[in-house]
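Trainee: This is the structure, below, for whatever I ask next.
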Amino acid sequence: MELDWLLAPPLPEAMPRQRVLYLRLRDAILSGRLAPGTPLPASRSLAASLKIARNTVLFAYEQLVAEGCLLADRQGTRVAPLPERSVAPSGGEASAVSLQLSARAAAALQPEPAREAAALPFAPGTPDYGAFPFRSWRASLERAWRDAGWRQLGYAAHGGDPALREAIAGHLTTVRGLAVDAAQIVITSGTQAALDLCARLLADHGDTVWAENPGYLAARVAFNLAGLRVHDVPVDSEGLAPNEDDWSKHPPRLIMITPSHQYPTGRVMSLPRRLALIEQARRSGAWIIEDDYDSEFRRAGPAPPALFGLQADAPVVYVGTFSKTLYPGLRLGYLVLPHAIATDFARATTQATRAGQGIEQRTLADFIQRGYYTSHLRSMRARYAARQAALRTALREAFGSSLELSGGEAGLHLVLWLPDSIRDSDVVKRAAALGLGVRALSSYTRAPMTCNGLVIGYGNLEEGMLAEAVRRLVAAVQAEDRQRRED
Ligand SMILES: Cc1ncc(COP(=O)(O)O)c(C=O)c1O
């Protein structure tokens, strides 16, 4: 049999011959080029014809025998009778058909935005990385490693590190006015993991979840992937505004809201709306998921009361994250749960997600306990407030009295509303070409609702960049305006 092709050039550089021979033989067997039952030459004669050492052939043969691709007995070595389906048809077309995601996943996943967009000026959702308290964090990290034992190296404790749960409960009680205890806190790998847990533990496949419109896109992904039906409910100036039809025709099992600073419009849900929502959710057997992702950076006065703390035994789950207050790559957040379900959620983190990050959890507990977290929040609050004020002034100077800004009560972004004559998505394209990461409000919005504006993040905007970034944004808006007039 002609087997010269087994070591024909080009040979991969730095790969031993025996490995090349093994891989090429295996590919030939799995692709059907060498059919089941085909006898192979004795090792000595194959070595002679390929002009290599016999041991090289022996290595490849033995490896393939061990894997079940070859059979070796007194009659010699031959290709094993592999099951029909393990032989891939040549051409690879059948693979393209079968190697597919589930229909649910294919529909749920969003096209990936440009990766570097998050680091560009005006990209929403990004904290000021330059102001991260590296020294105090490193000190907490070193203490966590110094005191680390088997508990920190293994899977996380039921519901998360006890000291961290305790520290978060204390922080929420004093800073957010939520009277909660550590047993109600479950540590998660950020909001996304918390939403995923809620979708799977509080709803059944096919149940309806209400999403804010416009709203947070990543939440939709989590819900769709969990097999839930997402029903869009409009947001008005007081927050989520469901009507009778929403309640009667699309009864929710879950209601996902960002009441303290609606994402992306930045509106704050009024107290009557909060109370009405709790009442109606209670009546229709729905859970409210309260995503409180950036109320730590409240501009004036304390944050509005969380739905979670408004009424005893309300069907509310509160979600917090350290992505904005520290950094998103930390992947730490938490759920605050009614006692009735807190232990079940803690069980789920051990059984469903196999939580870890023991060292990071310890570090964060130390960071909070020593007061570093509170002082970091204080200084960031002042920094973001000053930055927002400077941004407002610059935008007002550039756009004059026609400017309509909203959403500045908290957080790290503002919304600049555009007149209907200028399409936000076109401005965003122009702005991206100028190196800006602003997002179109319409990209968060589902029909028939329409919104036209720019979501402008200022969290990671270096001080020196502000004037230049505003200049480019104005150029993008004006160019689009000119183009529209000419059309
Ligand atoms: C509405 C909203 N919730 C939560 C988060 C944080 O998500 P995570 O904790 O998964 O980083 C973000 C981040 O941009 C957000 O915009």
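Trainee: If you bin every alpha carbon distance in segment 380-486 into 5 Å steps from zero, what whole percent lands in each bin?
Mentor: Final binned percentages: 2, 12, 23, 27, 20, 11, 4, 1, 0.
Trainee: Could you give each residue of segment 63-78 its phi-based ³J(HN,Hα) in whole Hz, using Karplus coefficients 6.51, -1.76, 1.60 with θ = phi - 60°, and x for Gly or Pro?
Mentor: Whole-Hz 3J(HN,Hα) from phi for segment 63-78: 4, 6, 5, 4, 7, x, 7, 10, 10, 10, 8, 4, 7, x, 10, 9.
Trainee: Sorting HIS171, HIS158 on the 10 Å Cβ count, fewest up front, what's the list?
Mentor: The order, fewest Cβ neighbours first, is HIS158, HIS171.
Trainee: Report the antiparallel proportion of the DSSP beta bridges in the chain as a percent, rounded to a multiple of 5.
Mentor: 60 percent
Trainee: Ok, one more. Take the alpha-carbon centre of segment 7-42, take the same for segment 131-191, and report the distance between them in whole Å.
Mentor: 53 Å
Trainee: Based on alpha-carbon atoms only, what is the radius of gyration of the chain relative to the globular estimate 2.2 N^0.38 Å?
Mentor: 1.27
Trainee: Can you give the angle from 0 to 90° between the axis of helix 424-433 and the longest principal axis of the chain, with both taken from C-alpha atoms, to the nearest 10?
Mentor: 60 degrees
Trainee: Relative contact order of segment 132-374, please, whole-number percent, based on alpha carbon pairs below 8 angstrom and at least 6 residues apart.
Mentor: 31 percent
Trainee: A further question on this structure: Assign one of three labels to segment 132-374, namely rounded, prolate or oblate, based on the Cα gyration tensor with a ≥ b ≥ c the square roots of its eigenvalues; rounded applies when a/c is under 1.5, prolate when it is not and a/b is larger than b/c, and oblate otherwise.
Mentor: Details: a/c = 2.02, a/b = 1.56, b/c = 1.29.
Cα axes put segment 132-374 in the prolate bin.
Trainee: Provide the per-residue ³J(HN,Hα) series for segment 234-245, in order, calculated from phi with Karplus coefficients 6.51, -1.76, 1.60 and θ = phi - 60°, each as a whole number of Hz, with x at glycine and proline positions.
Mentor: So the J values, rounded to whole Hz, are x, 10, 10, 5, 9, x, 4, 10, x, 10, 4, 4.
Trainee: Could you compute Rg(Cα) / (2.2 N^0.38 Å) for segment 157-301, with N its residue count?
Mentor: Working it through for segment 157-301, the quotient is 1.07.
Trainee: Relative to the longest principal axis of the chain, what angle (0 to 90°, nearest 10) does the C-alpha long axis of helix 134-146 take?
Mentor: Value to nearest ten degrees: 50.
Trainee: In degrees from 0 to 90, rounded to the nearest 10, what is the angle of the helix 372-399 Cα long axis to the longest principal axis of the chain?
Mentor: 70 degrees
Trainee: Can you tell me, using C-alpha contacts under 8 Å and at least 6 residues apart, the relative contact order of the chain as a whole percent? Mind dumping the intermediate values first?
Mentor: Working: 810 pairs, mean separation 90.3, N = 487.
19 percent.
Trainee: Here's a follow-up. Please list the three semi-axes, largest first and in whole Å, of the ellipsoid equivalent to segment 1-85, using sqrt of 5 times the eigenvalues of its alpha carbon gyration tensor.
Mentor: Values for segment 1-85, descending: 20, 15, 12 Å.
Trainee: If r is the Cβ-Cβ distance from ASN243 to THR38 and R0 is 51 Å, what FRET efficiency results, to the nearest 0.05?
Mentor: Working: r = 71 Å, r/R0 = 1.39.
Result of the calculation: an efficiency of 0.10.
Trainee: Could I ask something else about it? Find out how many positive minus negative residues lie around TYR327, taking Lys and Arg as positive, Asp and Glu as negative, among other residues whose Cβ is under 12 Å from that of TYR327.
Mentor: Numbers: positive: LYS324, ARG331; negative: ASP128, GLU360.
Around TYR327, the surrounding residues sum to 0.
Trainee: Order of ARG354, ARG151 from fewest to most other C-beta atoms within 10 Å?
Mentor: Ordered by Cβ neighbours within 10 Å, fewest first: ARG354, ARG151.
Trainee: Ok, one more. Explain nothing, just compute: Karplus ³J(HN,Hα) = 6.51 cos²θ - 1.76 cosθ + 1.60, θ = phi - 60°, for every residue of segment 454-468 in order, whole Hz, x for Gly and Pro.
Mentor: Coupling constants for segment 454-468: 10, 9, 10, x, 10, x, 9, 8, 5, 3, x, 8, 4, 4, 5 Hz.
Trainee: Taking amide H positions as placed in the peptide plane 1.01 Å from N, state which residues far from ARG229 in sequence (5 or more) or on other chains have amide H under 5 Å from it.
Mentor: HN-HN under 5 Å from ARG229: GLY206, ASP207, THR208, VAL209.
Trainee: Once the convex hull of the C-alpha atoms of segment 243-351 is built, how many Å³ does it hold per residue, rounded to a whole number?
Mentor: So the per-residue hull volume is 133 Å³.
Trainee: Further question: Alpha carbon centre of segment 413-487 versus segment 299-338: separation in Å?
Mentor: The two parts, judged by their Cα centres, are 30 Å apart.
Trainee: While we're looking at this one, here's another question. Return PHE134, PHE308 ranked ascending by Cβ neighbour count within 10 Å, so the fewest neighbours appear first.
Mentor: Arranged by neighbour count, lowest to highest, PHE134, PHE308 become PHE134, PHE308.
Trainee: What are the residues whose amide H is under 5 Å from the amide H of THR77, where those residues sit 5 or more places off or on another chain and H is modelled from the backbone?
Mentor: Amide H to amide H, under 5 Å and 5 or more residues apart or across chains, THR77 pairs with LEU40.
Rule-based calculations on the coordinates, nothing more; no lab input. All figures in this text were calculated on a predicted structure; none of them were measured in a lab. Cβ atoms come from the backbone with ideal geometry, glycine included; neighbour counts cover every protein chain shown.
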